[in-house]
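K.L.:
Before I ask anything, let me first share the structure, which is written out below as structure tokens.
The values are calculated or read from the model by the stated rules, or taken from the named source; none is laboratory data. All figures in this text were calculated on a predicted structure; none of them were measured in a lab. Every residue, glycine among them, receives a Cβ derived from its backbone with ideal geometry; neighbour counts consider all protein chains shown. Surface accessibility is based on the protein's heavy atoms, side chains included, excluding ligands, DNA and RNA. Shrake-Rupley method; radii C 1.70, N 1.55, O 1.52, S 1.80 Å.
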Amino acid sequence: MYGSGKSSVAAEIAYLLEQQGEQQGEAQGEQHGERFALLDLDYLSWAGPDIADRAAEIELLSQNLAAIAPNFRRIGVTLFVLAYFVRAAAEVQAIRAALDQPLKVVRLAVPLAVIDQRLANDVTGGRRDDLREAARQIATAEGVGLEDVTIVNDRPVHVVAQEIMTFLGWP
């Protein structure tokens with residue numbers, strides 16, 4: 001949900017993968033490591049003013065993801081780091097089908113007070129609305145039960161990213 005740290009954690013995972021590849025490359029005298037792509041899926045379905053229909057949003061996201069994933073694979077990408085809030089099993093299935101490879105879902109659990117603190121520092125006008133939406137999503141447990149693992153994200157982003165990578169069995 002908004003403010004849970006999806007984008008920050010995904011960026012940290014990408015950074016850690018990049019660092020590991022550089023370290024392996026230095027040890028072997030060449031660039032090494034698995035190729036990865038970082039995709040914030042919000043941007044694949046963000047069409048304004050507002051689609052207002054979640055099904056249409058997921059369809060647009062899926063079409064865009066299905067169009068770009070092969071481009072990444074063509075250059076050797078084997079790992080995809082995705083950031084997105086899935087609300088229903090059908091959304092997970094649509095993303096998995098569009099990506100056309102196995103998918104693990106990590107739910108970031110964050111207390112509302114932490115989300116409030118994070119969003120308070122954001123200067124964009126819509127963040128108060130985002131906080132209200134996050135409160136609603138927490139109260140209704142929206143998206144809960146779709147995950148393969150739940151990770152508490154009220155700790156340093158590096159720690160959370162490393163925990164997710166360990167769960168995934170990534171280097």
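K.L.:
What residue among 128, 87, 74 shows peak mean-square fluctuation when the chain is described by a Gaussian network model with Cα springs under 10 Å?
P.N.:
Between 128, 87, 74, it is 74 that shows the largest mean-square fluctuation.
K.L.:
If you work out Cα Rg over 2.2 N^0.38 Å from the coordinates, which of (1) 1.00; (2) 1.60; (3) 1.08 do you get?
P.N.:
Answer label, from the structure shown: (3).
K.L.:
Still on this structure: Sorted by accessible area (1.4 Å probe), largest first, how do 170, 46 line up?
P.N.:
Values: 170 55, 46 190 Å².
Ranked list, largest accessible area first: 46, 170.
K.L.:
If you stretched the chain out fully between residue 166 and residue 67, how much longer would it get, using 0.36 nm times the residue separation minus the C-alpha to C-alpha distance? Present the calculation step by step, with values, prior to reporting the outcome.
P.N.:
Working: separation 99, 0.36 × 99 = 35.64 nm, distance 2.95 nm.
Length difference between fully extended and current span is 32.7 nm.
K.L.:
Given the Cα-Cα distance of residue 132 and residue 34 and 0.36 nm per residue of separation, how much length would full extension add, in nm? Walk me through the numbers before you get to the answer.
P.N.:
On the way: separation 98, 0.36 × 98 = 35.28 nm, distance 3.92 nm.
So the chain would gain 31.4 nm between residue 132 and residue 34.
K.L.:
Using 1/(1 + (r/R0)^6) with R0 = 25 angstrom and r between the beta carbons of residue 46 and residue 158, what's the FRET efficiency to the nearest 0.05?
P.N.:
Once the sixth-power term is evaluated, E becomes 0.35.
K.L.:
Would you work out what percent of the accessible area of the chain, with all protein chains in place, is carbon or sulfur (probe 1.4 Å)? Write out the running numbers ahead of the final one.
P.N.:
Details: 5120 of 9610 Å².
About 53 percent, which is the carbon plus sulfur part of the accessible surface.
K.L.:
Provide the FRET efficiency to the nearest 0.05 for the residue 78-residue 15 pair, computing r from the beta carbons and using R0 = 22 Å.
P.N.:
Numbers: r = 18 Å, r/R0 = 0.80.
Efficiency for this residue pair is about 0.80.
K.L.:
How high is the relative contact order of the stretch 65-171? Use alpha-carbon pairs under 8 Å, at least six apart in sequence, and give a whole percent. Walk me through the intermediate numbers first.
P.N.:
Working: 69 pairs, mean separation 35.5, N = 107.
The normalised contact order for the stretch 65-171 reaches 33 percent.
K.L.:
What ranking of 15, 2, 84, 43 comes out by heavy-atom accessible area, probe 1.4 Å, highest first? Provide the component values of the computation, followed by the final result.
P.N.:
Details: 15 110, 2 85, 84 35, 43 150 Å².
Order by accessible area, largest first: 43, 15, 2, 84.
K.L.:
For the full complex of protein chains and a 1.4 angstrom probe, list 62, 7 by accessible area with the highest value first. Each step should come with its number before you reach the end.
P.N.:
Working: 62 20, 7 55 Å².
Accessible-area ranking of 62, 7, largest first: 7, 62.
K.L.:
Give the accessible area for residue 59 in Å² (nearest 10); use a 1.4 Å probe, count only protein heavy atoms, and leave out ligands, DNA and RNA.
P.N.:
110 Å²
K.L.:
Still on this model: In nm, what is the difference between 0.36 nm times the number of residues separating residue 88 and residue 140 and their Cα-Cα distance?
P.N.:
Working: separation 52, 0.36 × 52 = 18.72 nm, distance 1.28 nm.
Using 0.36 nm per residue and subtracting the Cα-Cα distance, I get 17.4 nm.
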